[in-house]
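All remarks here apply to the structure that follows.
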Amino acid sequence: MDQKEVQYSHEWIYKLETPSHWILYWNQLDLVLNKSEISKEQLIMEVGVGSGLTAEYLKRKGYNVKTIDIDENKSPDIVADITKYDLPNADMYIAFEIFEHIPIDKVFEVWTKLASKKVPELIFSVPYGHKTYLWAEIWLPIFGKKTINISRKRKRIQSKHHHWEIGINNISVSEIEKMLKQSGYIVTHSYRYRNHHFFLTQLSGSHEV
């Protein structure tokens, strides 16, 4: 494996995540369980095992989940580099905080590969290259939930394991959506939570069926 292509680490999985990280798990599972069209009989392929919480939670709910990761230390079902591996057919692919570890042109190739295999849904999240000073959610009568976000863009990527982040080197949400459309996916849900952006996409044309 060329370490310049995919950057990763596994030391963090042995530590207790922060409270804000646990809320990210909720956002991941909410998209799969409440926003997508997946059923329990269909196959979900998770790219990047991480701590294993997302896959195990879905399995506990009765969903069919398989995992693929380049790092054998995370004990995935398949040990492979997704930029080089013939990705299995599945009804949904999920990848949370994974694609930023791969050069953006390789990410586009992965999306295109999934679209060519007619994978109906792709759900993922990627980080913002921002320094956040304040993030708060409040509920107002009539207006509902409102977010207060005070942050600034970083001049460069802080993590040695990331190739790109939103807000750095001309990578924007709209640019990601454009790349997804070119690869064959349409964004049906897109939102920011703290310094992470979540995307739920469907294969182009499938959302019209």
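Couple of notes before you dig in:
- Taking amide H positions as modeled 1.01 Å from N, with prolines and chain starts lacking one, the residues under 5 Å from HIS189 and 5 or more places away or on another chain are LEU200.
- With θ taken as phi - 60° and the Karplus curve 6.51 cos²θ - 1.76 cosθ + 1.60 applied, the whole-hertz 3J(HN,Hα) list for the range 195-203 is 9, 9, 10, 10, 10, 10, 10, 10, 4 Hz, x standing for glycine and proline.
- The calculated FRET efficiency for the pair HIS10 and ILE142, based on their C-beta separation and a Förster distance of 41 Å, comes to about 0.30.
- All Cα-Cα separations within the range 33-74 were binned at 10 Å from zero, giving a P(r) of 29, 53, 17, 1, each value a whole percent of the pairs.
- The H on the amide N of GLU46, modeled in the peptide plane, is under 5 Å from the matching H of LYS66, THR67, ILE68, ILE94, each at least 5 residues off or on a different chain.
- Under-5 Å amide H pairs with GLU97, H placed in peptide plane, nonlocal only: SER125, VAL126
- When you filter the trypsin sites (Lys or Arg not before Pro) in the range 120-209 for DSSP loop state and at most 15 other Cβ atoms inside 10 Å of their Cβ, you are left with ARG154, LYS155, ARG156, LYS160.
- The slack in the chain from LYS40 to GLU17, taken as 0.36 nm per residue of separation less the alpha-carbon distance, amounts to 5.5 nm.
- Principal semi-axes of the equivalent ellipsoid, √(5λ) from the alpha carbon gyration tensor of the range 145-209, are 26, 17, 9 Å from largest down.
- Neighbours of GLY48, meaning other residues whose beta-carbon lies under 11 angstrom from its beta-carbon, give a summed charge of -4 when Lys and Arg score +1 and Asp and Glu score -1.
- The range 91-209: mean projected area of Cα convex hull, nm²: 8.7
- Share, in percent, of DSSP beta bridges within the chain that are antiparallel, nearest 5: 60
- Nitroxide proxy distance, nm - points 7 Å out along Cα→Cβ at ARG154 and ASP86: 3.9
- Under the convention that each Lys and Arg Cβ holds +1 and each Asp and Glu Cβ holds -1, the size of the dipole of the chain around its Cα centre is about 840 debye.
- Separation of alpha-carbon centers, the range 122-201 and the range 1-55, rounded to whole Å: 17
- Calculated mean residue ellipticity at 222 nm for the chain: -6500 deg cm²/dmol, from DSSP H runs with n ≥ 4 weighted as -39500 (n - 2.57), summed, divided by the residue count and rounded to 500.
- Each of the peptides 94-100, 65-71 was scored by the mean count of other Cβ atoms within 10 Å over its residues; in descending order, highest first, they stand as 94-100, 65-71.
- Distant alpha-carbon pairs in the chain (separation over 32 angstrom), percent: 14
Any read-out appearing in this document is the output of simple, stated calculations on the displayed coordinates, not a laboratory observation. Note that the structure is a prediction, hence the values are computed from the model and not measured. Glycine also receives a Cβ, built like all others from the backbone with ideal geometry; neighbour counts cover every protein chain displayed.
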